[in-house]
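Engineer: There's a structure below that I have some questions on.
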Amino acid sequence: MKRREFIRLVGGTAASLPFATHAQQPAMPVIGFLHSASLEPNAKRLEGFRKGLQQAGFIEGQNVTIEYRWAAGQNARLPELAAELIGKPAAVIATLSSTPATRAAKTATTTIPIVFLIAEDPVELGLVASLNRPGGNATGISSQNAELVAKRLGLLRELLPQAPNIAVLLNPNNPNAKPVSSALQAAAVTIGVHLNVLEASTDAEIELAYQSLKARSPLLVGTDPSFFARRASLVALGARHAIPTMYDNREAADVGGLMSYGQNTESSWEQAGIYVGRILKGAKPGELPVMRPTKFEYVINLKTAKTLGLEVPPAMQARADEVIE
């Protein structure tokens, strides 16, 4: 081979090496994120999810991509959005604080791993075979909401022991509405109070529900993504109609709700992020036990209590994780 041809051959090979090396680099794995609500009310929680991913060694935009699909309250769109994520293809799908999204993902795929965060028993919903050995393509975190709603009802009763009725606001379109209603009915019998179940899913129905209550009649707001997204509106309705209200999330107490008791959801989203990272590293969802939340919060807003003309007993304040004054 002539010297000039040899140099040209070597130069051409060297020039092509970066392209060949680039072509051999694996694409970043894709996490599909599916939710029935919108980004804005979940922005802080999403930071918890990213924090969990980072603990597992994954940083969005650096070594993992997250494809977000928000249904903005239109649950009928969830199957279509789940199909989009499957087509990416997503290596794992996260459905956090959204049972409708979890069910849509589970219906759409039996192979792509799913990490959920739900309030219900995943065994009863058919998502897993058992809590310790899920067995299929789904695992995650379950707060076992039936136990928590009884606690919320008891706290509301403790604050207003003379109230003959306690109302509960549920979204009838949420799959946890019936089991939660049953759990609350049983708890109401135990503490000796009559339960008034109000069902509402639209703004107009919610407005009518509040109008049906007498001033200073206690209300417990059920766990639901649409209620969480409307938390500021619900707090405003409670103030307008002078309704002492118990919520399941501290964010509602932060914006003026009277009381809240429930899991620290940001921490639970962080737990879910760690699980997603473990699956990206090769763990099988069917072998990862369904976890329980590790942090719970009891918050009292004394400013709201004073506005409602309520005295919060010192014993209740002492047990609270935070008292907003």
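Engineer: What distance in nm separates the two pseudo spin-label positions at Glu60 and Lys295, each 7 Å out from Cα along the beta-carbon direction?
Structural biologist: 1.9 nm
Engineer: Over the chain, what is the percentage of antiparallel beta bridges among all DSSP beta bridges, to the nearest 5?
Structural biologist: Details: 5 of 41 bridges.
The antiparallel fraction comes to roughly 10 percent.
Engineer: Which value, in nm² and rounded to one decimal, describes the direction-averaged projected area of the C-alpha convex hull of the stretch 225-325?
Structural biologist: Numbers: hull surface 30.7 nm².
The number I arrive at for the stretch 225-325 is 7.7 nm².
Engineer: Between Leu34, Phe58, Ser212, whose Cα lies farthest towards the positive end of the dipole of the chain when Lys and Arg beta carbons carry +1 and Asp and Glu beta carbons carry -1, centred on the Cα centre?
Structural biologist: Final value for the positive-end residue is Phe58.
Engineer: Still on this structure: Can you pull the Kirkwood radius for the stretch 101-159, inverse mean 1/r over Cα pairs, to one decimal in Å? If you can, show how the numbers build up before the last one.
Structural biologist: On the way: mean 1/r = 0.0793 Å⁻¹.
It works out to 12.6 Å.
Engineer: To continue, here is another question. Rounding to the nearest 20 debye, state how big the charge dipole of the chain is about its Cα centre with +1 on each Lys and Arg Cβ and -1 on each Asp and Glu Cβ.
Structural biologist: Working: 32 positive and 28 negative charges, 222 e Å.
My answer is approximately 1060 debye.
Engineer: Quick one: helix 231-240 against the long Cα principal axis of the chain, what's the angle to the nearest 10°, folded into 0 to 90?
Structural biologist: Long axis of 231-240 versus the principal axis of the chain: about 20 degrees.
Engineer: Continuing with this model, one more query. About its Cα centre, what dipole magnitude does the stretch 226-288 give when the only charges are +1 on Lys and Arg Cβ and -1 on Asp and Glu Cβ, stated in debye to the nearest 20? Write down the numbers at each step before the final one.
Structural biologist: Working: 7 positive and 6 negative charges, 30 e Å.
Taking the Cα centre of the stretch 226-288 as origin, the dipole is about 140 debye.
Engineer: Moving on. With the cut-off at 1.5 for a/c, could you classify the stretch 170-232 from its C-alpha gyration tensor as rounded, prolate or oblate?
Structural biologist: oblate
Engineer: In addition: Sort out for me the Cα centre separation of the stretch 179-241 from the stretch 87-126, rounded to whole Å.
Structural biologist: After rounding, the separation between the Cα centres reads 27 Å.
Engineer: Let me know the shape class of the chain, please: from the alpha-carbon gyration tensor, a ≥ b ≥ c as square roots of the eigenvalues, rounded when a/c is under 1.5, otherwise prolate if a/b is greater than b/c, or oblate. Spell out each step's value before the answer.
Structural biologist: On the way: a/c = 2.74, a/b = 2.44, b/c = 1.12.
Prolate, since a/c reaches 1.5 and a/b exceeds b/c.
Engineer: Follow-up question, since we're still on this one. Please state the shape class of the stretch 62-138: rounded when a/c is under 1.5, otherwise prolate if a/b exceeds b/c and oblate if not, all from the C-alpha gyration tensor. Display every interim value, and only then the final one.
Structural biologist: Details: a/c = 1.79, a/b = 1.30, b/c = 1.38.
Note, shape of the stretch 62-138 comes out oblate.
Engineer: For every helix of n ≥ 4 consecutive DSSP H residues, a contribution of -39,500 (n - 2.57) applies; sum these over the chain, divide by its total residues, and give [θ] at 222 nm rounded to the nearest 500 deg cm²/dmol.
Structural biologist: Numbers: 13 runs with 141 residues, N = 325.
Taking each H run of at least 4 residues, the total per residue is -13000 deg cm²/dmol.
Engineer: Mind scanning Lys214/Lys306; Lys51/Lys106; Lys44/Lys178; Lys44/Lys88 and naming the pairs with a C-alpha gap bigger than 20 Å? Can you show the working numbers first?
Structural biologist: Details: Lys214/Lys306 18 Å; Lys51/Lys106 25 Å; Lys44/Lys178 29 Å; Lys44/Lys88 26 Å.
In this structure, Lys51/Lys106; Lys44/Lys178; Lys44/Lys88 lie more than 20 Å apart at Cα.
Engineer: Quick one: compute the contact order of the stretch 58-121, relative version, from alpha carbon pairs under 8 angstrom and 6+ residues apart, as a percent.
Structural biologist: Working: 62 pairs, mean separation 18.4, N = 64.
Relative contact order, the stretch 58-121: 29 percent.
Here, each number is a calculation from the coordinates, and none is a lab measurement. Values in this document were obtained by computation on a predicted structure and should not be read as measured data. Virtual Cβ from ideal backbone geometry, glycine too; neighbours counted across all protein chains shown.
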